[in-house]
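Q: This is the structure I want to talk about, given as structure tokens.
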Amino acid sequence: MAGKPKLHYFNGRGRMECIRWLLAAAGVEFEEKFIEQPEDLDKLRNDGSLMFQQVPMVEIDGMKLVQTRAILNYIATKYNLYGKDMKERALIDMYSEGVEDLGEMIMHLPLCPPDQKDAKIAQIKERTTNRYFPAFEKVLKNHGQDYLVGNKLSKADIHLVELLYYVEELDPSLLANFPLLKVSSPTALGSRHTPHLGICSLDPGTEVLGSALSGFLPSAPVPSLTCWSLSACLSPPPRADWS
């Protein structure tokens, strides 16, 4: 019997967080091996574990997978979260990449110079309310279903829920005009919140996101991108180490 997937990353959200969410939504227990010192990263590089010398890296099914999108696609395919055919997979990819566009802006916010932060936040808010959230709201409204694609839970739904949580952290009012995306009160996810989206309000979404995520993900918010002193360990944080 295969062991639990092992996740190698820094003790923070960054590019591993979406992988954690996806595994948790699939009901898969996983282990985390945090990179806490420069030597930890050097060891992974020197023993050949990192194909491109960068993390995240996930050990799963006898493989050492790197590159975030490749990891996500493998997990989604393995656990039936990637649609039933090519057309559905194309839509799932399209929606997931839209989520990633906005998520990248939020994830990089802590690295923004102080004198540019207000402008960056204003840009994120504008993109959220005028570009990305209207698009997802329209998809759900047009087909009248509880999930983005095929009326079935997919990785696109999981990524969107994660994004909603980050946006709510930034400014809860940004969700006010999007009733199909609107976040409700805290649930069994601890400090995490449950969106009105079908993946949380209907079975099996309630069971998946109400139990699996609460067991495998942090119960308290951690700063985006870094939770530990990355600057002290890898100063300055090398962009090439994030894939």
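Q: Over 17 Å from V167 (Cα atoms) and either at pLDDT 95 or above or surrounded by 14 or more Cβ atoms within 10 Å (Cβ to Cβ) (or both): which single residue out of L109, L91 fits that description?
A: L91
Q: Have a look at V99, V58 and point out the one that is farther than 21 Å from L160 by Cα, surrounded by 13 or more Cβ atoms within 10 Å (Cβ to Cβ) and at pLDDT 95 or above.
A: V58
Q: Here's something else I'd like to know. Under 8 Å between Cβ atoms, which residue pairs at least 6 apart in sequence (or on different chains) link something in region 169-190 that is modelled with pLDDT of 80 or more with a partner that is open to solvent by 80 Å² or more (accessible area, probe 1.4 Å) and of a type in the set (D, E, K, R)?
A: L175/K182; A176/K182; L180/K141
Q: If you don't mind, there's one more thing I want to ask. Name the helices (runs of 4 or more DSSP H) wholly inside region 81-178 in which the number of residues that are within 24 Å of A24 (Cα to Cα) is 1 or more.
A: Output list reads 86-107, 133-143, 155-170.
Q: Against the condition basic (K, R), assigned to a helix (DSSP H, G or I) and more than 20 Å from E17 (Cα to Cα), how does R69 come out, does it pass?
A: no
Q: When region 107-127 is examined, which residues are found to be among the charged types (D, E, K, R) and closer than 20 Å to G12 by Cβ? Please lay out each step first, then the result.
A: Taking region 107-127 first, the residues among the charged types (D, E, K, R) are 115, 117-118, 120, 125-127.
Hits for region 107-127 are K117, K120.
Q: Another question about this same structure. Filter region 112-131 down to the residues that are of a type in the set (A, V, I, L, M) and surrounded by fewer than 15 Cβ atoms within 10 Å (Cβ to Cβ) and list them by number. If you could, list the steps in order and put the result at the bottom.
A: The first filter runs over region 112-131 and keeps only residues of a type in the set (A, V, I, L, M), leaving 119, 121-122, 124.
Of everything in region 112-131, those that are of a type in the set (A, V, I, L, M) and surrounded by fewer than 15 Cβ atoms within 10 Å (Cβ to Cβ) turn out to be A119, A122.
Q: What's the total number of residues in region 16-27 that are assigned to a loop (DSSP other than H, G, I, E, B) and either surrounded by 22 or more Cβ atoms within 10 Å (Cβ to Cβ) or of a type in the set (S, T, N, Q) (or both)?
A: Number satisfying all stated conditions: 1.
Q: Six or more apart or on different chains, Cβ under 7 Å: which pairs go from a residue in region 19-42 that's touching a residue at least 40 places away in the same chain (Cβ under 8 Å) to one that's among the acidic types (D, E) and surrounded by 13 or more Cβ atoms within 10 Å (Cβ to Cβ)? Could you list them?
A: So the pair list comes out as W21/E162.
Q: Right, here's the next one. In this structure, is K120 within 19 Å of the chain's Cα centre (by Cα) and of a type in the set (K, R)?
A: It is false that K120 is within 19 Å of the chain's Cα centre (by Cα) and of a type in the set (K, R).
Q: If you don't mind, there's one more thing I want to ask. Hey, can you tell me all the residues within region 147-161 that are open to solvent by 60 Å² or more (accessible area, probe 1.4 Å) and within 19 Å of W21 (Cα to Cα)?
A: Scanning region 147-161 gives a single hit, K152.
The values are calculated or read from the model by the stated rules, or taken from the named source; none is laboratory data. Source: prediction; values computed, not measured. Heads up, the Cβs are rebuilt from the backbone with ideal geometry, glycines too, and the neighbour counts pull from every protein chain shown. Side chains are part of the model used for accessible areas, which takes the heavy atoms of the whole protein and leaves out ligands, DNA and RNA. Shrake-Rupley method; radii C 1.70, N 1.55, O 1.52, S 1.80 Å.
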